[in-house]
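Nothing in this text is a laboratory measurement; each read-out follows from the coordinates by a stated rule. Note that the structure is a prediction, hence the values are computed from the model and not measured. Positions of Cβ are backbone-derived with ideal geometry, glycine not excepted, and every protein chain shown enters the neighbour counts.
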Amino acid sequence: MSQTRIGRLFERLRTTERRPALIAYITAGDPSPDRTPELVAALERGGADLIELGVPFSDPIADGPVIQRGSDRALKAGTRVSTVLDIAAEIRKRSEIPLLLFTYMNPVLHYGLESLARDAAARGIDGCLLTDLSVEEAEPYVGAMRNAGLDTVFLAAPTSTQRRLELVAKYSTGFVYLVSRTGVTGERSTVSDAVTPLVNAMRRVTALPLAVGFGISSADQVRTVGTLADGVIVGTAIVRVVEQNAASADLPAKLEALARELASGLPSKNP
Amino acid sequence: MPNQQPATSNQQPATPDAAGHFGPYGGRYVPEVLMAPLEQLEQAYLEARLDPAFQSELKDLLANYAGRPTPLYHAKRLSEISGGAKIYIKREDLLHTGAHKINNCLGQALLARRMGKKRIVAETGAGQHGVASATVCALFGLECIVYMGEEDMRRQRLNVFRMRMLGAKVVGVASGSRTLKDAISEAMRDWVTNVETTHYLLGSALGAHPYPMMVRDFHRVIGEETRRQILEREHRLPDSIFACVGGGSNAIGIFHAFLGDSGVRLIGIEAGGRGAELGAHAARFSGGSPGVLHGAYSYLLQDTDGQVSLTHSVSAGLDYALVGPEHAWLRDQGRTEYVSATDQQALEAARTLAHLEGIIPALESAHAVAEAVRRAPGSKDQLFIINLSGRGDKDTDIYRENLKELDEPDQNRPAL
């Protein structure tokens, strides 16, 4: 399979720039679908290397209150799966930033696995992550995504056993998303002790880039995690800024500043 | 009807498969954090299932704490007035805490203790599972946190107080429709956060494997007793069994012992609510399509974009968007059938049962009564069994709101 923008990004960062990626999550359609492309552009200007484009779902069991509210706002604003695909196409007109759909199983299942893979690829999306899809149930989904040339990113967690880490590695392409701690999405003041052992355990079973998320919201935390992993994921802190400035014309500037601040924590990795 | 039947059909069920699938349904659709804990829970349960000491302790608690076996009662006046079938009622409402839910809670509490988990989280809709959870936690000295939608706390406030009196913490959930669906989401979020110390005591035959199998197994005793009792009383099997279906735990519990008896019709009754439009009911089979919610793939009420629909039922315990996966599979096989009863039909059936038999049913169970009474006139010489899964004390406020004339001093007894 030829590399997606995701694979090319991590290769460039590893060989040329020698630094980890800053990965930014944003809920598509929050506060409204027409604003998402400019918000993504602002995150990119501030230093985000990859965008996780959240497709809102009515029952987001893996998300804390901030992202739950973001999903509610997006759904109330009329965001549908097809809307998110159109948003991606709009972003793709002006940017080559890698785009990863980030959502739950049911909206994708209802859209149709094959149809979603085809339509997402056609609009310039590079991959997909379904929070509540276990590798055990993933065979049809992975097949559909592969056929369309999309990456499938899966989660690994501090509770994952060795056998499970191997399965996650086997089904993942692009990168592996390491969940820093048990729990739902949301900011935490310190980086979990579980990160180092999880990164080490995962390194032993895969050569794929490893990105760490859940609980990361400051440049200091980006620095800490960035010394261990190939990517650092920030979500809740971004959605919180969207929430607090939803009605403001300054929202893109605020998001750009947040991304710039977070990116300032990215360590350079000299050999 | 055949009348030469084996005394029991008590073999271990063949479903689900090793990955928790009932045909295409069921499975495990949860965040990776929960996958290893679910594997551990499954392992612990499969060991306990084969452990005579575990089974004997559970059996003792079911008999001497919960009050099993429950009676199978011949409802003579209801039968006469309905004018056809001979109707029996399986009295799960007489169990300790007032509903069948205690069967599963005792089993899972023993399992939690076996796994060394000291903290229990549970969800509740009508409050019956919450009360049963709080009860077993008191009994075993476990910390108990019950998540309950704020709308359900309002309409089931008696049960909120009972849970608190039993020592549980009741946490109101203000998201979404503020009902059972949101309570389950919040309980799952708690579990995903505290999974090292906590057991999630899921209260229906829902969720990720092994829950639908485990919850079913803990309720199979309902059907096993019923089968034995009806053979003793009538020397033959029933023609039809009626049970309400929210997640479907009481229904799967009574159905299971009869699955091999092809002459026994197994009828599940969903909540028809206020009408057939999406959002006004919880009839997943007539209004839904297969989808994933809270860890399982089954029939789901959802909109055209795969968002989970709001549901409505006068009974909080049936007010949920997904049906338990084994029901979907049994229906595909043609082994079970599902219909719905409206809010109004359930309320009327509750009043009928109260007047004729001196039994005030839970609103959930009243849905099953309504369908049995509806079918009885055309079913002369047939044997019906209604699984009366809970008693109606908790619903007194709702009955009062909906049967206002009973608060009048000189109300006339309605013609029945």
So how far apart, in nm, are the two label points at B:A174 and B:Q333 if each is 7 Å from Cα heading toward Cβ? 4.6
Taking the simple approach of a point 7 Å from Cα along Cα-to-Cβ for both B:K380 and A:E17, what is their distance in nm? 8.4
Can you list, bin by bin at 5 Å, the percent of alpha carbon pairs in the range A:150-265, starting at 0? 2, 12, 22, 21, 17, 13, 8, 4, 2, 0
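So what is the relative contact order of chain B, in percent, for Cα pairs below 8 Å that sit 6 or more residues apart?
On the way: 911 pairs, mean separation 84.4, N = 416.
So the answer I get is 20 percent.
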Whole-Hz ³J(HN,Hα) for each residue in the range B:263-271, computed from phi via Karplus 6.51 cos²θ - 1.76 cosθ + 1.60 with θ = phi - 60°, x for glycine and proline: what do you get? x, 9, 7, 10, 10, x, 10, 8, 7
Theoretical ellipticity at 222 nm over chain B - DSSP helices of four or more residues, -39500 (n - 2.57) apiece, nearest 500: -12500 deg cm²/dmol
I need A:D86, B:D190 ordered by Cβ neighbour count within 10 Å, fewest first. A:D86, B:D190
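Report relative contact order for the range B:275-376 in percent, whole number only (criteria: Cα-Cα under 8 Å, sequence separation at least 6). Could you put the intermediate results ahead of the total?
Numbers: 144 pairs, mean separation 21.2, N = 102.
Across the range B:275-376, relative contact order equals 21 percent.
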May I ask for the net charge around B:S340, where only other residues with Cβ less than 12 Å from the Cβ of B:S340 are counted and Lys, Arg are +1 while Asp, Glu are -1? -1
Under 17 Å between alpha carbons: how many lysine pairs meet that in the range B:75-212, if sequence neighbours fewer than 8 apart on the same chain are excluded? 4
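Fewest Cβ neighbours within 10 Å first, please rank B:R216, B:R154 accordingly.
Sorted ascending by nearby Cβ count, the order is B:R154, B:R216.
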³J(HN,Hα), Karplus 6.51/-1.76/1.60, whole Hz, each residue of the range B:357-366, x for Gly, Pro: 10, x, 10, 8, x, 4, 4, 4, 5, 4
If you build the Cα gyration tensor of the protein assembly as shown and take the root of 5 times each eigenvalue, what three semi-axes come out, in whole angstrom, biggest first? 49, 25, 22
For the range A:54-100, how big is the tail of P(r) above 18 Å, as a whole percent of Cα pairs? 38
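Looking at the calculated P(r) for the range B:321-379, what percent of the C-alpha pair distances fall above 15 Å?
Everything past 15 Å amounts to 57 percent.
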The range B:97-123 to the range A:13-39: how many Å between their Cα centroids? 44
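Jot down the per residue volume, in cubic angstrom and as a whole number, of the convex hull over the alpha-carbon atoms of the range B:226-278. Walk me through the intermediate numbers first.
Working: hull volume 5.2 nm³, N = 53.
Given the Cα convex hull of the range B:226-278, per-residue volume reads 99 Å³.
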Using a Gaussian network model of chain A whose springs link C-alpha atoms within less than 10 Å, name the residue from A:S180, A:S248, A:S58 with the highest mean-square fluctuation. A:S248
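Is the C-alpha gyration tensor of the range A:1-53 telling us rounded, prolate or oblate? Criteria: a/c under 1.5 is rounded; beyond that, a/b larger than b/c is prolate, otherwise oblate. Don't jump to the answer; show the numbers that get you there.
Values: a/c = 3.27, a/b = 1.93, b/c = 1.69.
Because a/c hits 1.5 or more and a/b exceeds b/c, the range A:1-53 counts as prolate.
If the viscosity is 1.002 mPa s and the temperature 20 °C, what Stokes-Einstein diffusion coefficient in µm²/s follows for the range B:85-127 when Rh is the Kirkwood radius over Cα pairs?
Details: Rh = 12.6 Å.
Taking Rh from Cα pairs, D becomes 170 µm²/s.
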In whole Hz, what ³J(HN,Hα) sequence does the range B:334-343 give by Karplus (6.51, -1.76, 1.60; θ = phi - 60°), x for Gly and Pro? x, 7, 10, 9, 10, 10, 10, 10, 7, 3
Binned Cα-Cα distances of the range B:122-240, short to long, each 5 Å bin given as a whole percent: 2, 12, 17, 19, 17, 12, 7, 6, 5, 2, 0
For the range A:194-243: Kirkwood Rh in Å [reciprocal of mean 1/r, alpha carbons]: 11.6
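With the radius of gyration and the Kirkwood radius both derived from the Cα set of chain B, what is their ratio Rg to Rh?
Numbers: Rg = 19.9 Å, Rh = 21.1 Å.
Taking Rh as the inverse mean 1/r over Cα pairs, Rg/Rh reads 0.94.
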Working from the alpha-carbon coordinates of the range A:1-146, get Rg over Rh, Rh being the Kirkwood radius. 0.95
Just the Cα atoms of the range B:294-416: what Rg and Dmax do they give in Å? 17.0, 53
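Once Rh for the range B:182-237 is found with the Kirkwood sum over Cα pairs, what is the Stokes-Einstein diffusion coefficient at 10 °C and 1.306 mPa s, in µm²/s? Don't jump to the answer; show the numbers that get you there.
On the way: Rh = 13.6 Å.
Reported coefficient: 117 µm²/s.
If you take the beta carbon distance between A:A201 and A:E114 as r and set R0 to 35 Å, what does 1/(1 + (r/R0)^6) give as a FRET efficiency, to the nearest 0.05? Can you show the working numbers first?
Numbers: r = 34 Å, r/R0 = 0.98.
Computed FRET efficiency for A:A201 and A:E114: 0.55.
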Applying 1/(1 + (r/R0)^6) with R0 = 25 Å to the Cβ-Cβ distance of B:E408 and B:R274, what FRET efficiency is obtained, to the nearest 0.05? 0.50
Of the residues A:S82, A:S134, A:S189, which exhibits the maximal mean-square fluctuation in a Gaussian network model of chain A defined by a 10 Å Cα contact cut-off? A:S189
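In which sequence would A:V40, B:V136 go, from the one with the fewest C-beta neighbours within 10 Å to the one with the most? Numbers along the way, then the final one.
Values: A:V40 26, B:V136 29.
Arranged by neighbour count, lowest to highest, A:V40, B:V136 become A:V40, B:V136.
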Which residue fluctuates the most in chain B, going by a Gaussian network model with Cα springs under 10 Å, if the choices are B:A376, B:A354, B:A346? B:A354
What is the range A:117-183 by shape, rounded, prolate or oblate, if you read a ≥ b ≥ c off the alpha carbon gyration tensor as root eigenvalues and call it rounded for a/c under 1.5, prolate for a/b larger than b/c, and oblate otherwise? prolate
Once both labels are modelled 7 Å past Cα along the beta-carbon direction, what's the B:Q40-B:A138 spacing in nm? 2.9
Give the residues of the range B:47-90 whose amide nitrogen is closer than 16 Å to a point set 7 Å from the Cα of A:T161 in the direction of its Cβ. B:47-48
Indicate the helices, whole DSSP H runs only, in chain A that combine a mean Kyte-Doolittle hydropathy of -0.5 or more with a Cα extent along their long axis of 20 angstrom or more. A:81-94
How charged is the neighbourhood of B:Q156? Take every other residue with its Cβ under 14 Å from the Cβ of B:Q156, and add Lys/Arg as +1 and Asp/Glu as -1. 0
No Cys partner within the rule (Cβ under 4.7 Å), chain B: B:C105, B:C244
Of all the C-alpha pairs in chain A, what % are more than 23 Å from each other? 47
Percent of Cα-Cα pairs per 10 Å bin, from 0 to the last occupied bin, for the range B:232-356, please list those. 14, 41, 32, 12, 2, 0
